[in-house]
Amino acid sequence: MTNKHFIFTDESCVNNPEKQYSSVCAMSGSVKFFKSHQKQIESILNKPGEYKFQKLNQDTKNDVLQLCNDFIFPAIGSGDLRIDALIWNNRTYPKDQKYMHYHLLLAVLRKYSPDINWLYYPDHDRGKDYAEITNIVNTAANSKKIYTQSLIKLANEYNIQYGDELDSKNSRLIQITDIFAGLAAFSYNSYGDYTDWKKNTTGTLSFDFAQSDIENNKNAKNHHPKFQLLDKINTECKKHNPNHSIDTKHGLYSFNPSYGMNFWLWGNDKSMLKKQTTEPANP
């Protein structure tokens, strides 16, 4: 049987000038694995409509947490699934946004065996920029002369077949990717509010806000389900990856990208890129 893998991508905050940080996320794994767990995913994410990070509420947050407990973290632990997110500061790298998708894609592909045949499905908003991204990488080589591969060359080297861009409304897998892309950017854009929220909670998912303690931070109150999810993901990542942190960079950050849930803050640094792209997914 051909060794086929899926890779799904989605972005967050790329079209919102009010947000300092944006992100792109990739979820990857074998076609056989995803198909064998399709019913499990659909049984957990069973509410009508679309699961999106920006629309996360108490009910959908509980579904996502169950999915993390029952499916995502066990699959990452067994090496069957990766979730990688690249976050960047729009104020520092305003001209680099069009390259971030390429950087993450290259980093993820290099964590897998070279004999894999890839089926690549981006969210439909990302798909419309293929020609622009390819042209930029081809003609400018990222303007730094260290990225010489275009997406076309990348596709040839890693046996990528581009699928039609998927409408997230019709794909739970794209919706999962959207949630983690949103979570990655949110962890940086709302770090101060998260620390305020953390001060007024026990860190348990059942704890309710003391209204008198959060009157001065409406964002902490309004984003309660998002902070619960962020806190849970941060705790689980630290449990499995001792080099993970949320406080060092004021957002989710994985100092060791070999673990299958990897948050990468872009620093345009050659050594960091080398580390991200050369370490195996499962040593």
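If we scan segment 36-48, do we find a residue that is more than 29 Å from ASN159 (Cβ to Cβ) and buried (at least 16 other Cβ atoms within 10 Å of the Cβ)? Yes, that holds for at least one residue.
Residues are listed down the side, and each one gets a yes or a no for (1) surrounded by fewer than 12 Cβ atoms within 10 Å (Cβ to Cβ); (2) within 25 Å of TYR259 (Cα to Cα); (3) at pLDDT below 95:
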site	(1), (2), (3)
ASP196	no, no, yes
THR202	yes, no, yes
SER212	yes, no, yes
GLU215	yes, no, yes
ASN219	no, no, yes
HIS223	no, no, yes
LYS239	yes, yes, yes
PRO242	yes, yes, yes
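Of all residues in segment 52-70, those being surrounded by fewer than 18 Cβ atoms within 10 Å (Cβ to Cβ) and more than 16 Å from the chain's Cα centre (by Cα) number 9.
Only one of the numbered conditions (1) among the aliphatic types (A, V, I, L, M); (2) touching a strand residue (DSSP E or B) at 6+ places or on another chain (Cβ under 7 Å); (3) farther than 24 Å from HIS250 by Cα is violated by ALA85, and that is (3).
For segment 18-36, residues that are within 20 Å of the chain's Cα centre (by Cα) and either closer than 23 Å to LEU109 by Cα or free of Cβ contacts under 8 Å to residues at least 24 places away in the same chain (or both) total 12. A single member of LEU173, LEU166, LEU183 is closer than 20 Å to GLY29 by Cβ and at pLDDT below 80, and it is LEU166.
Checking each residue in segment 229-248 for being under 14 Å from ALA184 (Cα atoms) and either touching a residue at least 60 places away in the same chain (Cβ under 8 Å) or in contact with a Cys (Cβ under 7 Å, 6 or more places away or on another chain) (or both) picks out LEU229, LYS232, ILE233, HIS244.
The values are calculated or read from the model by the stated rules, or taken from the named source; none is laboratory data. What you see is a predicted model, and the numbers here were worked out from it, not measured in a lab. Because the Cβ atoms are built from the backbone with ideal geometry, glycine has one as well, and the counts that use them run over all protein chains shown.
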